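Heads up, the thing below is written out as structure tokens.
Any read-out appearing in this document is the output of simple, stated calculations on the displayed coordinates, not a laboratory observation. Computed from a predicted structure; not experimentally measured. Note: ideal-geometry Cβ built from the backbone for every residue, glycine included; neighbour counts use all protein chains shown.
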Amino acid sequence: MKTIKIYNIITLFILVFTLNSCVQDGDFTIPELTVKETNITANSTLEKVKTALQQEFFSNEKLVFTFPINENNPTFIEAYVISSDATGNFYNKLIVQDKAENPTAGIEILINKSALSNLFTIGQKIYIKLDGLSVSYDDGQSTVNPINLAPGKYSLGFLEGDRSGKIPSTAIKNHLFRTSTIAAIIPQKITVETITDATLNTFVQLEKAQFDISEKGKTFAGEKYDEYDGFRYLFECGSEHELRLQTSTFSSFKSTLIPEGQGKIDFILTKDFKSEFLVAIVNSPSTIDFTNATRCDPVFLNCPENTNVGNVILIDENFENIKTNSQLLNAGWSNINANGGKNVFKSKTKNGNRVMEMSAYNTAENPLEIWLISPTINLDTTTYETLTFETNNGYDNGKALKVFVSSDFSGDVKTATWTQINANLSVGPSSDYSNFFTKSGNISLSCLSGNVHVAFQYFGGDGGVSTTVQIDNVKITGN
């Protein structure tokens, strides 16, 4: 009997030791479901958290600020939880905003703990003790100013070097205080054009949207090329602007097919891991209501396909002899900033090849809309006309280029009627240029007649989509 008891004691000891050795950072805890009410009163705001960092930047040119510890009068702010990691689409972070409805500021809190949804419910009011925490800012640029055109991501946590890092799980109770108040989070209605710094890390809604036609048939993040996250373009009806939906490959719905209809979508607006571009992240697919089967796809030019390329050249422009904007205009091209700004396509050379290039980066314009429009091309004396061109992208952080044709352009891009052309366009790397130019394919113009103009529209913004686009070898032939 003594041998058996000793054996059981040893077994129990090994079992306890094994369980404890598997626990890291105090994660092996029973969720504290009971909320103990607190008498905390907020004496600061989330907006002031941002202001504190901005003042630090202007005073010391630092993009991190650590709140001083004052035990006699600690600093508390009030916030509402808007994220949940229940589906695995968020990891080690909690997104909060300052109000349940019509918020003016949001922030991500970095926390070294999983299953945060066991502690924090969407809509739950919490108090955050700032003493000892650090806030940092990142908009994906090497030289950053919190007051600029680039919406940036504010992060709150423990100081790690010159950035805010994760709050240890053991310190959660010292900084985050739950209440029993669970409010309904009402999404702000936005458009892609109205996105600002104030809407980042808040719960928002696009009212009329769908997934881009090129995304049909795909899963949220289950394709073979989805490494850590899947990115699917959301298409905004009306404006035809796009925004990327980001879904973790660790989410429970990664292999679910994306819906093919259109409607509204509620999501948290934030930026990707490197803070280079804006993304939408849903807590679950249930916040996507794309049940309207009538899509709002753009109307593409749909001329009968040409079987061969003609030998009559109507335009053949490789831009080799165009080095200035004056030379471009003298050649019959138009180079128009639709919003009246100073930025337009510019002549550039790369590896000895001259192209027309545009990027929104460092232009101080957001939105930035530039139209590069061909000279007048008359199609009455030829048949089976075909358009071809080449594009190359660099530092790609989103779709910026569309191609159109018009039969009534007379100088004003906003009054002309434009029909979009469905062409193969370059998709480049995010940190360099593509190694090759993408051929557009043979695009038939045979159903058009009279005078036409082909236009390359660049739409982006400093701090938003700022992909560098290069255009070359624009050619139209006929028989």
How long are the three semi-axes of the equivalent ellipsoid for segment 37-182, computed from the Cα gyration tensor as the root of 5 times each eigenvalue, in whole Å, largest first? 23, 18, 15
Near K414, which lysines are there with a Cα under 18 Å away, not counting those fewer than 8 places off in the same chain? K342, K402
Straight-line reach only, C-alpha to C-alpha below 27 angstrom: list the lysines that K173 could link to, leaving out same-chain residues fewer than 8 apart. K36, K48, K50, K93, K99, K113, K125, K129, K153
Using the Kirkwood formula over every pair of different C-alpha atoms, what hydrodynamic radius in Å results for segment 174-234? 15.2 Å
In the set (1) 25.3; (2) 27.3; (3) 24.1, which value of Kirkwood radius over Cα pairs in Å was calculated from the structure you see? (1)
Report, in whole Å, the centroid distance computed from the Cα atoms of segment 445-479 and segment 58-97. 45 Å
Where only alpha carbons of segment 321-457 are counted, the Rg and the Dmax (Å): 15.3, 46
Relative contact order (percent, whole number), segment 86-145, Cα cutoff 8 Å, 6+ residue spacing: 26 percent
Quick one: compute the contact order of segment 314-391, relative version, from alpha carbon pairs under 8 angstrom and 6+ residues apart, as a percent. 33 percent
Out of N325, F253, I265 - ranked by how far each Cα lies towards the positive end of the dipole of the chain, with unit charges on the beta-carbon of charged residues - the top one is F253
Of the listed pairs K218/K348; K216/K271; K271/K475, which have alpha-carbon separations greater than 29 Å here? K218/K348; K271/K475
Could you work out, for segment 100-179, what percent of all Cα-Cα pairs fall into each 10 Å distance bin, beginning at 0 Å and stopping at the bin that holds the largest distance? 15, 45, 31, 9
What is the Rg over Rh value, at two decimals, for segment 188-292, using alpha-carbon atoms and the Kirkwood definition of Rh? 0.93
Quick check on segment 268-348: take the gyration tensor over C-alpha atoms, sort the square-rooted eigenvalues as a ≥ b ≥ c, and tell me if it's rounded (a/c under 1.5), prolate or oblate. oblate
Just how large is the dipole of the chain about the Cα centre, in debye to the nearest 20, putting +1 at every Lys and Arg Cβ and -1 at every Asp and Glu Cβ? 1180 debye
Furthest towards positive pole of dipole, I185, I111, I281, structure part the chain, Cβ charges: I111
Calculated Rg and Dmax of segment 394-436 using C-alpha coordinates, Å: 14.3, 39
Set K224/K254; K224/K439; K166/K274 screened for pairs whose C-alpha atoms are more than 20 Å apart: K224/K439
Over the chain, what is the relative contact order in whole percent, taking alpha-carbon pairs under 8 Å and six or more residues apart? 13 percent
Might you report the magnitude of the Cβ-based charge dipole of segment 201-309 about its Cα centre, with Lys and Arg at +1 and Asp and Glu at -1, to the nearest 20 debye? 200 debye
Counting GluC sites (Glu not before Pro) as exposed when in a DSSP loop with at most 10 other beta carbons within 10 Å, what is the longest stretch of the chain free of them? 228-479
